[in-house]
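Read the structure below first, then the notes.
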Amino acid sequence: MNSPAQQSRTHRSRRALAAVLLGISLTLLGATASASSAPLEASPPSPSPTALWIPPVGHSLTVSGPYLGPPTPYASGHRGIDLPAGPGLAVRAPTSGTVTFVGTVVDRGVLSVRVDERTVLSLEPITSELRAGDAVSTGQFLGTVSSGGHCYEECLHVGVRVEEDYVNPLRYFRGRPKLRPW
């Protein structure tokens with residue numbers, strides 16, 4: 001049988017070993033967690049509060065079709081948001097930029113505006129008299145909602161690409177959007 005002094009030393013040694021193992025485990029767990037939570041690629045910058053956009057139709061942002069980002073670049077998804085809007089409704093520039101495309105894609109009119117060196121805003125279906133290269137300012141009349149598009153109800157689709165990736169347009173708009181249930 002061990003003496004009380006030997007039992008005390010053994011107990012202290014076990015506690016010290018347990019403390020060292022716990023410290024190593026927590027250190028490894030922390031390193032693993034921080035490595036796994038680090039983004040694989042840089043996320044697009046969020047706009048500054050002074051650069052937030054205005055609704056392109058109406059006075060408040062009502063969303064009838066939410067953004068559903070695809071899991072991979074070629075998978076299905078909804079790469080933008082839909083705003084309730086009927087044909088003939090005026091469309092305003094949500095932000096300033098330069099028109100890069102006005103034309104028909106598949107069966108609908110599309111207008112794209114380069115907002116900065118990385119960001120492109122696209123609106124559809126739209127009829128517009130603007131031309132590629134035209135500068136637009138926030139709130140400027142761009143055209144009118146036309147017929148066609150992918151919505152079950154009439155809408156204006158708003159898409160935003162940062163470099164080659166579609167992102168949720170809601171991050172660029174002022175205020176709180178109203179989501180309309182289907």
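The values are calculated or read from the model by the stated rules, or taken from the named source; none is laboratory data. The structure presented is a predicted model; accordingly, all values stated were derived computationally and were not measured. All Cβ positions, glycine included, derive from the backbone under ideal geometry; neighbour counts span all protein chains shown.
Any residue that is closer than 18 Å to residue 174 by Cα and surrounded by fewer than 19 Cβ atoms within 10 Å (Cβ to Cβ) - is there at least one of those in the range 68-82?
no
Considering only residues of the range 145-172 that are crowded, with 16+ Cβ neighbours inside 10 Å and charged (D, E, K, R), which is nearest to residue 75 (Cα to Cα)?
Per the stated criteria, the residue is 161.
Based on this model, can you work out whether residue 144 counts as over 14 Å from residue 54 (Cα atoms) and of a type in the set (S, T, N, Q)?
Yes: the conditions hold for residue 144.
Based on this model, can you work out whether residue 90 counts as closer than 21 Å to residue 173 by Cβ and touching a Phe, Trp or Tyr at 6+ places or on another chain (Cβ under 8 Å)?
Yes: the conditions hold for residue 90.
Would you tally the residues in the range 86-120 being of a type in the set (Gly, Ala, Ser), crowded, with 19+ Cβ neighbours inside 10 Å and farther than 16 Å from residue 53 by Cα?
Of the residues in the range 86-120, 1 are of a type in the set (Gly, Ala, Ser), crowded, with 19+ Cβ neighbours inside 10 Å and farther than 16 Å from residue 53 by Cα.
Among residues belonging to the range 51-73 that are part of a loop (DSSP other than H, G, I, E, B) and farther than 16 Å from residue 159 by Cβ, point out the one that is modelled with the highest pLDDT.
Applying the filter and picking the extreme gives 54.
Among the candidates 112, 122, 146, single out the residue that is in contact with a Ser or Thr (Cβ under 6 Å, 6 or more places away or on another chain), at pLDDT 95 or above and closer than 13 Å to residue 57 by Cβ. Steps first, answer last, please.
Numbers: 112 fails: closer than 13 Å to residue 57 by Cβ; 122 fails: closer than 13 Å to residue 57 by Cβ.
Matching residue, one of 112, 122, 146: 146.
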